[in-house]
1. What are the residues in the range 309-330 that are part of a strand (DSSP E or B) and surrounded by fewer than 21 Cβ atoms within 10 Å (Cβ to Cβ), if any?
2. Just checking, how many residues over the range 272-303 are touching a residue at least 40 places away in the same chain (Cβ under 8 Å) and out of contact with any Pro (no Cβ under 9 Å at 6 or more places or on another chain)?
3. Could you tell me whether the range 107-115 includes any residue that is farther than 19 Å from ILE131 by Cβ and of a type in the set (Phe, Trp, Tyr)?
4. Mind listing whichever residues of the range 61-77 are touching a helix residue (DSSP H, G or I) at 6+ places or on another chain (Cβ under 7 Å) and either under 19 Å from ILE165 (Cα atoms) or assigned to a strand (DSSP E or B) (or both)?
5. Quick test for you: out of THR302, THR256, THR243, THR283, pick the one residue that is over 21 Å from the mean Cα position of the chain (by Cα) and of a type in the set (Val, Ile, Thr).
6. Checking THR283 against (1) assigned to a strand (DSSP E or B); (2) at pLDDT below 95; (3) out of contact with any Phe, Trp or Tyr (no Cβ under 9 Å at 6 or more places or on another chain), only one condition comes out false. Which one?
7. Go through the range 278-300 and give me each residue that's buried (at least 19 other Cβ atoms within 10 Å of the Cβ) and either closer than 28 Å to THR126 by Cβ or touching a helix residue (DSSP H, G or I) at 6+ places or on another chain (Cβ under 8 Å) (or both).
8. Yes or no: ILE275 open to solvent by 10 Å² or more (accessible area, probe 1.4 Å), among the hydrophobic types (A, V, I, L, M, F, W, C) and closer than 23 Å to PHE239 by Cβ?
Amino acid sequence: MKKNLFCMFIMIFLTFCIFCEEIKIMSFNLRGNDSNNRKENSEWVQAICNIIIDSKADIVLFQEVCIDLEKRLDTNIFKISQPNNLLDVFVNYLGSQEWGYFSTAEYGIRTRVTRNGQQYGYGDKTQNNAILYNKEKLNAKDWAEMLGFETFSGEFLFEKNTVQIIEFSLVEKDSVVAKNNSSVLIGNVHLPYGNKEARYRDLQTLEKLYAKYKHKYGVIIGGDFNLRRSELINRNFDFVDGTNSWYFDRHFGLATTLKNDENAFVFSNDYDHFIYNEKIIATTKMERAFIQGRNNSYETVTIGGISYTDAADYREKISDHIPVIIVIEM
């Protein structure tokens, strides 16, 4: 009897493992306000795409994506993204049959808006969020309409209106996967940098959104929070970058932004994070892509096949952020 129960347990365990798949998520602020970081710069485009390819990411959360926009005739709050924009260039390079994307370009607010007595600031063409994903592995549904983002209405209002929430599930390869497949909500955020009041207002709204869906779905939200980890773990999130307690330094997390240093590859602030609930199984906690260890200074790093000996060179050619990754089970 005990032997039969043991065998049954093993079969259930193996069935679960066989139909779970690891999904790698990357978050990367592209520093869209830098004039070098445009679709016209083919070297930069190729470097970003090589970073995605070499990282083997399945989902990429971009912040500060520069997308050329056109006016809408019916409103001045929103604009329309131009065809053949930067995201189209990325997808064409990576393979349009394999990759798709969602962006905030067409619902990001483009003029100051007042809602419920509060003012919300706007973003220009460089302040867009976007999510690229592997269509061969993942089904995806944008929640922008359901959450009121497309009309800038409802209970979840954010500065610039550039938060994304996408529901992902595995592509069904057979009937067994279909029965075991479950959805995960993945969010992409870029909280305000210069406006502290707006940043904490957005953080409270993000907590409210997280709390509403955390009991029904696996929820993971990544991006550039412009907040140190020490501030996030004191909020109402289950896990920040892999745990809900101190694990590196009592004041800092893993630094991901770069100083403008011409002598070494030197990190500055820990502003990029992943927050997630207990339904998410993280097989690899957050780490910097391509960089081993947790040091704040390196003599040389190789990112996307290119070696850099100083942070100033990387900042000029790529971004002022290093991409971060996390691996989860679906």
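1. Kept after step one, since they are part of a strand (DSSP E or B), are these residues of the range 309-330: 321, 324-329.
Across the range 309-330, the qualifying residues are VAL327, GLU329.
2. Of the range 272-303, the ones touching a residue at least 40 places away in the same chain (Cβ under 8 Å) are 272-286, 289-290, 294, 296, 303.
The next check asks that each one be out of contact with any Pro (no Cβ under 9 Å at 6 or more places or on another chain); those that pass are 273-286, 294, 296.
Result for the range 272-303: 16.
3. No, that holds for no residue.
4. The initial filter retains those residues of the range 61-77 that are touching a helix residue (DSSP H, G or I) at 6+ places or on another chain (Cβ under 7 Å), namely 65-67.
Selection gives VAL65 alone.
5. Numbers: THR256 fails: over 21 Å from the mean Cα position of the chain (by Cα); THR243 fails: over 21 Å from the mean Cα position of the chain (by Cα); THR283 fails: over 21 Å from the mean Cα position of the chain (by Cα).
Only one candidate qualifies: THR302.
6. Result: THR283 passes all but (2).
7. Kept after step one, since they are buried (at least 19 other Cβ atoms within 10 Å of the Cβ), are these residues of the range 278-300: 280, 286, 288-289, 291.
Those that are buried (at least 19 other Cβ atoms within 10 Å of the Cβ) and either closer than 28 Å to THR126 by Cβ or touching a helix residue (DSSP H, G or I) at 6+ places or on another chain (Cβ under 8 Å) (or both): MET286, ARG288, ALA289, ILE291.
8. Numbers: open to solvent by 10 Å² or more (accessible area, probe 1.4 Å): no; among the hydrophobic types (A, V, I, L, M, F, W, C): yes; closer than 23 Å to PHE239 by Cβ: yes.
No.
The values are calculated or read from the model by the stated rules, or taken from the named source; none is laboratory data. Keep in mind it's a predicted model, so treat the numbers as computed, not measured. FYI the Cβ positions are ideal-geometry reconstructions off the backbone, even for glycines, and counts take in every protein chain you see. Side chains included, ligands, DNA and RNA excluded: accessible areas come from the protein's heavy atoms. Shrake-Rupley method; radii C 1.70, N 1.55, O 1.52, S 1.80 Å.
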